[in-house]
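Engineer: What follows is a single structure, and I will ask about it in a moment.
The values are calculated or read from the model by the stated rules, or taken from the named source; none is laboratory data. Please read all numbers here as calculations on a predicted model, not as lab measurements. Glycine gets a Cβ as well: all are built from the backbone with ideal geometry, and neighbour counts include every protein chain shown.
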C-alpha cells in the first residue's frame, strides 16, 4: 500500500505478508479499519493516493466486520448456516410427516401451508394501541409457536420443529450427531465460542462480536475440509474479544491459514 491518506491516515506506506495472520494495532480512531476495509480491500493500484495492490493473488475477499448479519427478523442461525434445509428434510422423512402428507416446505416458517396464517410464521403480531407505540405480542393463534398444529405434531427424536429451533448449538450437536452437515456446522460454532446460541435465534439479536464469529464460521463451513488459503480474510476485532472471545476467534482465524 502506498500513500494511504483516507480519513486519519496521513501518507502511510504499508507492506503485508501473505500466508500468515497479520494484526493491525493502534489507538482507537487512528485509522485501522480505514486502512484495512477501505483502502486495502479495494485493491486499487492506480493513482497517487490510496494505492493498494496484491488482492488479485486471492480467489476472494472475506470481510468479517462488526456490521449486523441481517436486518430482517426472519433469518436465524440455522438458515444463515444453510442447515435448516437439512433439518426440514429430516422432519419430512419421518413417519408422522409422511402419514400427514407433509413435505419439507411445510416445516418452513416462511412458507404458507405450514406456518401459522395469523402471524405468517413470525410467532408475534403487532399490538396496535391508539395512543401508544406499537409492540410485538405473542400470536393469539399459535401462541408464539409459529406453525400449524399438524406440523407441530410431527416429532423427530421426540422433538417438534419448534423444539429443535429452541435447541442451543451445543444441544443440537448431540441431537444431530448422525447428520454430518448439521454436526459440522454446530462443531464450528462451538469452536468459535457460540455454542450457547439457539438454532432459531434471529440474527438481529446478535452482538457485533457474535456476528463476526458467525461470519467466520460460515466461511469455514463453506470451505469444507479445505483451509481458506485462497481467500483474503479481513476481520475487525470488537473490544469484547479481549474479554470473552479472544481464544475462540484466534482459533477460528488460525483455521484460515495454510498448514
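Engineer: Scanning for something in contact with a strand residue (DSSP E or B) (Cβ under 6 Å, 6 or more places away or on another chain), modelled with pLDDT of 55 or more and within 27 Å of residue 147 (Cα to Cα), does the stretch 202-214 turn up at least one residue?
Structural biologist: Checking the stretch 202-214: at least one residue is in contact with a strand residue (DSSP E or B) (Cβ under 6 Å, 6 or more places away or on another chain), modelled with pLDDT of 55 or more and within 27 Å of residue 147 (Cα to Cα).
Each row is one residue, and each column tells you yes or no for (1) in contact with a strand residue (DSSP E or B) (Cβ under 8 Å, 6 or more places away or on another chain); (2) touching a residue at least 12 places away in the same chain (Cβ under 8 Å).
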position	(1), (2)
90	yes, yes
93	no, no
100	no, yes
107	yes, yes
110	no, yes
119	yes, yes
122	no, yes
138	yes, yes
143	no, no
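Engineer: If you go through the stretch 2-17 one residue at a time, do you hit one that is more than 17 Å from the chain's Cα centre (by Cα), part of a loop (DSSP other than H, G, I, E, B) and within 30 Å of residue 119 (Cβ to Cβ)?
Structural biologist: No, the stretch 2-17 contains no residue that is more than 17 Å from the chain's Cα centre (by Cα), part of a loop (DSSP other than H, G, I, E, B) and within 30 Å of residue 119 (Cβ to Cβ).
Engineer: If you take the residues of the stretch 18-56 that are outside any loop (DSSP other than H, G, I, E, B) and farther than 13 Å from residue 234 by Cα, which of them is modelled with the highest pLDDT?
Structural biologist: The selected residue is 51.
Engineer: Continuing with the same structure: For the stretch 145-163, which positions are out of contact with any strand residue (DSSP E or B) (no Cβ under 7 Å at 6 or more places or on another chain) and either more than 20 Å from residue 77 (Cβ to Cβ) or surrounded by 18 or more Cβ atoms within 10 Å (Cβ to Cβ) (or both)?
Structural biologist: Correct list: 145, 148, 149, 150, 151, 152, 153, 154, 155, 156, 158, 160.
Engineer: Using the structure shown, decide if residue 106 is surrounded by 16 or more Cβ atoms within 10 Å (Cβ to Cβ), outside any loop (DSSP other than H, G, I, E, B) and in the same structural domain as residue 161 (by TED's automatic domain parsing).
Structural biologist: Here the answer is yes, as residue 106 does meet what is asked.
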